[in-house]
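The values are calculated or read from the model by the stated rules, or taken from the named source; none is laboratory data. Please read all numbers here as calculations on a predicted model, not as lab measurements. We place every Cβ from the backbone using ideal geometry, glycine too, and count neighbours over all the protein chains shown.
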Amino acid sequence: MLYLTEKKQNIQHILAFNLTSGERVFYLDEPQYSIGRYPKNSIVINAEGISRQHGTLIKKNKNNDHFSYVLIDGNIEGYKSKNGIVVNGERIDKSELKHGDIIHFTKEVTAHYYILDQENQGFIQKLTPNRFFKATSSHLSNLSKETQLVQRTKKKSTLLEIKNLASVVELSPIPIVEINSEGTITYLNPSANFKFPDLEKAQLQHPLLQGLIEKQNYNNGSLVIREVDIQEQSFEQHIHYLAKEKLIRSYIFDITQRKKAENELKYRAFHDALTGLPNRTFFDQHISLMIKNSERHNQLFAILFVDIDSFKNINDTLGHSIGDRILKCFAQRLTSQVRNSDIVCRWGGDEFVVLLSELENPDQAAKFSQRLLQTFEHPLNVEGHQIYLKCSVGIAIYPEDGQESEILLKHADAALYRTKESGRNHFQFYNPKMSLEIAENFALENQLHQAIKNGELILHYQPQINIKTGKVYGLEALIRWKNPKLGLIRPDKFIPLAEKTGLILPMGEWILKTACQQNKKWQKMGLPPVRVAVNLSAQQLQQPNLIETVENTLESVGLEPKWLELEVTESILMENVTLASQTLHELRHMGVYISMDDFGTGYSSLGYLKKFPFDTLKIDQSFVRELNQSPEDLSIISAIMTLSRGFNMRVIAEGVENQEQLNLLQQLDCEEMQGYFFSHPLSPEEIFNYLITFNQQKQLIFA
Ligand code: C2E
Ligand code: CA
Ligand code: CA
C-alpha cells in the first residue's frame with residue numbers, strides 16, 4: 001500500500017483520440033471533463049455525428065490511494081448524446097474506464113484509454129484495490145527495440161509511444177503472471193486471466209505458481225525455465241526472480257503443439273510402425289532398468305523369443321498386405337496374453353520378444369509359453385481367411401542364463417533356434433549346451449566349404465525292398481561327410497548348415513550327379529537295374545533351373561530318367577506350393593519318379609496329395625517305430641494305404657527294424673520297405689556285394 005501512495009502522483013490517465021484530422025492526446029487529472037462538439041466543452045471534438053455534449057468524464061477517488069475516471073453518455077444533467085457511446089463493443093450509459101479500453105463516440109471517432117506510470121514511462125493497471133502492475137524495463141526485455149526506445153525517452157509520450165507502451169504487456173498474447181515474495185498475485189495480464197481462469201482461486205496451489213516461492217532464495221535475480229503440464233496442455237514457464245522489486249514474474253508460452261510433435265517423434269522412435277508395439281530401441285532402454293530392478297529385489301525375469309512358424313509361406317501365398325494384417329493380429333493376441341508389467345516388442349519380421357517381469361520361478365515362463373501356443377490353436381480371422389498360426393519360443397532366464405541384455409538375447413535366440421530345429425510349435429529353455437552347439441556349428445560351417453573340394457563327401461545307399469517279389473527295386477542315396485579331423489558326420493548335422501549357407505546348391509548338384517553316375521556304373525557292371533532315390537532340399541526345389549540341371553545330368557551320365565527318383569518332404573512343398581507343383585509335374589513328365597518323404601510329419605492335409613504327381617508315399621519312421629505298441633499308428637498306416645490306393649500311389653514304410661514290424665506292415669498290405677532290418681545305408685562297394693548276395697539272403701529273411 002505504501003508503495004502505491006508514494007507513487008500515486010506519477011500515475012497518468014490518458015484519453016487518446018484517433019480522428020480523421022489527426023491524433024489528439026489528453027492527459028486527465030481534473031475532477032470532470034465534458035466531451036462534445038460545443039466549443040465550451042473541456043474536450044472539443046468537432047466531427048460528424050458528435051453531439052454538442054456527447055459524454056462526460058468524472059474522476060472517482062478510490063481508497064485514497066488512487067483514482068479512476070467514469071465515462072457517462074451525455075451531460076451530468078442527464079441529456080444523452082444522439083448516437084450514444086460504445087466501450088469495447090458495448091453500448092454504455094456509464095462505464096468505469098480501464099486501461100486499454102476502446103471507446104467509440106461515432107463509427108469514425110475512436111479513443112483509447114490508458115493508465116500509465118509516468119516516471120517509468122510504463123503503464124499501471126489496477127486489478128483489485130491492492131493489486132497492480134507496474135511496467136518496468138524487464139517487462140519489455142522480450143519486446144521490440146522500438147518499444148524499448150520509447151521507454152527510455154523522458155519527454156511526454158506521443159500517441160504512438162503511448163500505444164506501444166500500453167499494448168506491450170497488457171495486450172500481449174503471452175500470459176504474464178506476477179506474484180510477490182509473500183506469494184500474493186500482484187498482476188495477471190488479460191491473456192493470463194483468459195488462459196488460466198482459476199489462477200486467482202487456486203493461488204499458490206495452481207501448477208504455475210507451485211514451488212516458485214520455495215525456490216526464490218536460490219534463484220535470486222535469475223531466470224529459471226521450467227515445463228508445466230496443465231490438463232492436456234503443456235507450457236514453458238520463464239520465471240524471472242526480481243530481487244529488487246521482490247517480485248516473481250512469469251511469462252508463459254504454450255508449447256502443447258511442440259510437445260505433441262516431440263512426443264509423436266519420440267513415440268515413432270520407440271515403436272514399430274506396423275504393430276504399434278515397442279521396438280528394439282525401447283527394449284534396449286527398458287531392459288537395463290529391468291536388470292537393475294531385478295538385481296536390487298533379487299528377482300527373476302524371462303526373455304522370450306517368439307517366432308511365427310513358416311511365416312514366409314504365408315506371405316508368399318497370401319501376399320504382403322495380408323501378411324501385414326496377420327502380423328498385427330498376431331501382435332494383438334500376443335499382447336493380450338501378458339500382464340501390464342510385461343513387455344512385448346516387435347523384433348523385426350515375424351520375430352517378437354517378450355519380457356516377463358517379476359517371476360517367482362522359471363516355470364512361470366514355461367506356463368506362459370504353453371498358454372501362448374494354445375491360444376494359437378484358434379485361427380486368426382484376416383479378411384475372410386481363417387489362418388492357423390503356430391509359433392516357436394526360446395526362453396532365457398535372468399540371472400541364470402546371463403546378466404546382461406546382450407547375452408540373455410543371444411541365449412534366448414539360441415533356444416529358439418533349437419526349438420525350430422526340433423520341429424517347431426514348441427518352447428524351449430536355453431541350456432549352456434546350446435551355445436556350445438552354436439560354436440560347433442560355426443566351426444563346422446567353415447569346414448563344410450572345403451568339403452566338396454577336398455572330396456570329403458560320399459554317398460551311401462540303402463536298399464528298398466518289395467517283400468512280395470523279394471526284390472531290391474530301389475536304393476536311397478544318403479550323404480555322409482568324412483572329415484579328417486571330426487570323423488564321419490551325419491547329414492542331420494550338416495544339411496541344415498548347408499541350407500543356411502547356400503552350400504546346399506553345389507552340394508545338391510554333386511549328389512545328383514554322383515548318384516546317377518553310380519547307378520549307371522552298376523548297370524554297366526551287369527547288375528539288374530534299380531532306381532536310385534535322391535533327396536531334394538527346399539532350396540534346390542526352388543531353383544528355377546532345377547529341371548534343366550536334372551535333364552543335363554541324366555543326359556551327360558547317359559541314365560534313363562526312369563532310374564531316378566526324387567524325394568521331397570511335405571514341408572519343402574509347403575514353402576511354395578504353386579512353384580513346387582509346377583516343377584514336380586515337369587519332372588514327372590520327363591519320366592523321373594517323385595516320392596513324398598517323411599509322410600505324416602508335415603502340416604499338409606491329405607487333400608494336398610492330389611496337387612502333386614507322387615508315385616510313392618514314404619511313411620515316416622515315427623509311425624513304424626511304435627507300430628507294435630500303438631493301435632493309432634496302425635490305423636493311420638491303414639488309412640494311408642487305402643488313400644494311396646485311391647490315388648494310385650505306391651507306399652513304402654521307412655525305418656523297418658525288426659520282423660514284428662515287417663509282419664504288421666505286411667498284414668496292412670504294405671509291400672515295400674526300407675530299414676536296418678534289411679540293411680543299413682552302405683558304401684557303393686558294399687552295395688555291389690549286397691545286391692549280388694541278396695538272392696541268397698532273401699531266402700533267410702522271408703523264411
Ligand atoms: P531321410 O530322407 O528320411 O532318410 C532316412 C534316414 O533314416 C537316413 O538317415 C537313414 O540312415 C535312416 N534309417 C534308415 N533305416 C533306418 C532304420 O531302420 N532305423 C532308423 N532309426 N533309421 C533308419 P541319415 O542318412 O542320417 O539321413 C538323415 C536325413 O538327412 C535324411 O532323412 C534326409 O532328410 C537328409 N539327407 C540325407 N542325405 C541327403 C542328401 O543327399 N540330400 C539331402 N537334401 N538330404 C539328405
Ligand atoms: Ca529320404
Ligand atoms: Ca524319410
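Within the range 253-272, the residues that satisfy the criterion of being in a helix (DSSP H, G or I) and under 30 Å from H240 (Cα atoms) are T256, Q257, R258, K259, K260, A261, E262, N263. Of the residues examined, Y113 is one that is of a type in the set (F, W, Y), touching a Gly at 6+ places or on another chain (Cβ under 9 Å), in a strand (DSSP E or B) and surrounded by 16 or more Cβ atoms within 10 Å (Cβ to Cβ).
Listed here are the residues, each with its yes/no results for (1) among the polar types (S, T, N, Q); (2) away from ligand 3 (no atom under 16 Å from the Cβ); (3) in contact with a strand residue (DSSP E or B) (Cβ under 9 Å, 6 or more places away or on another chain); (4) assigned to a strand (DSSP E or B).
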site: I495; (1), (2), (3), (4): no, no, yes, no
site: E499; (1), (2), (3), (4): no, yes, no, no
site: L505; (1), (2), (3), (4): no, yes, no, no
site: G508; (1), (2), (3), (4): no, yes, yes, no
site: Q518; (1), (2), (3), (4): yes, yes, yes, no
site: G526; (1), (2), (3), (4): no, yes, no, no
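Restricting I92, I124 to those that are of a type in the set (V, I, T), at pLDDT below 60 and in the same structural domain as G55 (by TED's automatic domain parsing) reduces the list to I124.
Criterion applied to A538, A451, A477 was being crowded, with 19+ Cβ neighbours inside 10 Å and either β-branched (V, I, T) or within 12 Å of ligand 1 (Cβ to nearest atom) (or both), and the one residue passing it is A477. Against the definition (in the same structural domain as H286 (by TED's automatic domain parsing) and of a type outside the set (A, V, I, L, M)), how does S435 come out, yes or no? The answer is no for S435. Are any of the residues in the range 631-649 within 14 Å of ligand 1 (Cβ to nearest atom) and within 30 Å of A538 (Cβ to Cβ)? Looking through the range 631-649, none of the residues is within 14 Å of ligand 1 (Cβ to nearest atom) and within 30 Å of A538 (Cβ to Cβ). Of the numbered criteria (1) charged (D, E, K, R); (2) out of contact with any His (no Cβ under 6 Å at 6 or more places or on another chain); (3) farther than 30 Å from F330 by Cβ, the one D272 fails is (3). Of the residues making up the range 644-667, just one is within 15 Å of ligand 3 (Cβ to nearest atom) and in contact (Cβ under 8 Å) with a residue 60 or more places away in the chain, namely I652.
Could you tell me how many of the residues in the range 454-489 are under 16 Å from Q674 (Cα atoms) and within 16 Å of ligand 2 (Cβ to nearest atom)? Total meeting the criteria: 12. For the range 303-313, does any single residue satisfy the condition of being of a type in the set (A, V, I, L, M, F, W, C), modelled with pLDDT of 90 or more, surrounded by 19 or more Cβ atoms within 10 Å (Cβ to Cβ) and assigned to a helix (DSSP H, G or I)? Checked against the condition, which is being of a type in the set (A, V, I, L, M, F, W, C), modelled with pLDDT of 90 or more, surrounded by 19 or more Cβ atoms within 10 Å (Cβ to Cβ) and assigned to a helix (DSSP H, G or I), the range 303-313 yields no hits at all. For the range 454-467, which positions are surrounded by fewer than 16 Cβ atoms within 10 Å (Cβ to Cβ) and within 20 Å of Y690 (Cβ to Cβ)? I458, N466 - these are the residues of the range 454-467 that are surrounded by fewer than 16 Cβ atoms within 10 Å (Cβ to Cβ) and within 20 Å of Y690 (Cβ to Cβ).
Would you point out which residue out of A396, A366 is at pLDDT 90 or above and under 26 Å from T601 (Cβ atoms)? Spell out how you get there, then give the answer.
On the way: A396 fails: under 26 Å from T601 (Cβ atoms).
After ruling out the rest, the residue left standing is A366.
Looking only at strands (runs of 3 or more DSSP E) that fall completely inside the range 551-660, which ones have 3 or more residues that are surrounded by 15 or more Cβ atoms within 10 Å (Cβ to Cβ) and either hydrophobic (A, V, I, L, M, F, W, C) or more than 16 Å from ligand 2 (Cβ to nearest atom) (or both)?
Numbers: elements: 564-569, 593-599, 616-619, 650-653.
Output list reads 564-569, 593-599, 650-653.
If the condition is being at pLDDT below 85 and of a type in the set (S, T, N, Q), then the range 238-285 contributes only N263.
What single numbered condition from (1) part of a helix (DSSP H, G or I); (2) of a type outside the set (K, R); (3) assigned by TED's automatic domain parsing to the domain that holds G183 fails to hold for S294? So S294 meets the others, but not (3).
Candidates in the range 514-550 are the residues that are free of Cβ contacts under 8 Å to residues at least 12 places away in the same chain and of a type outside the set (K, R); of these, the one that is farthest from ligand 2 (Cβ to nearest atom) is G526.
Within the option set N519, N545, being surrounded by 20 or more Cβ atoms within 10 Å (Cβ to Cβ) and assigned by TED's automatic domain parsing to the domain that holds F614 holds for one residue only, N519.
Assess whether V624 counts as being touching a helix residue (DSSP H, G or I) at 6+ places or on another chain (Cβ under 6 Å), within 13 Å of ligand 1 (Cβ to nearest atom) and β-branched (V, I, T). Yes; evaluated as a whole, the condition is true for this residue. Restricting V577, V550, V592 to those that are modelled with pLDDT under 85 and of a type in the set (V, I, T) reduces the list to V577.
Within the range 473-493, the set of residues being away from ligand 3 (no atom under 16 Å from the Cβ) and either part of a helix (DSSP H, G or I) or among the polar types (S, T, N, Q) (or both) comprises N483, K493.
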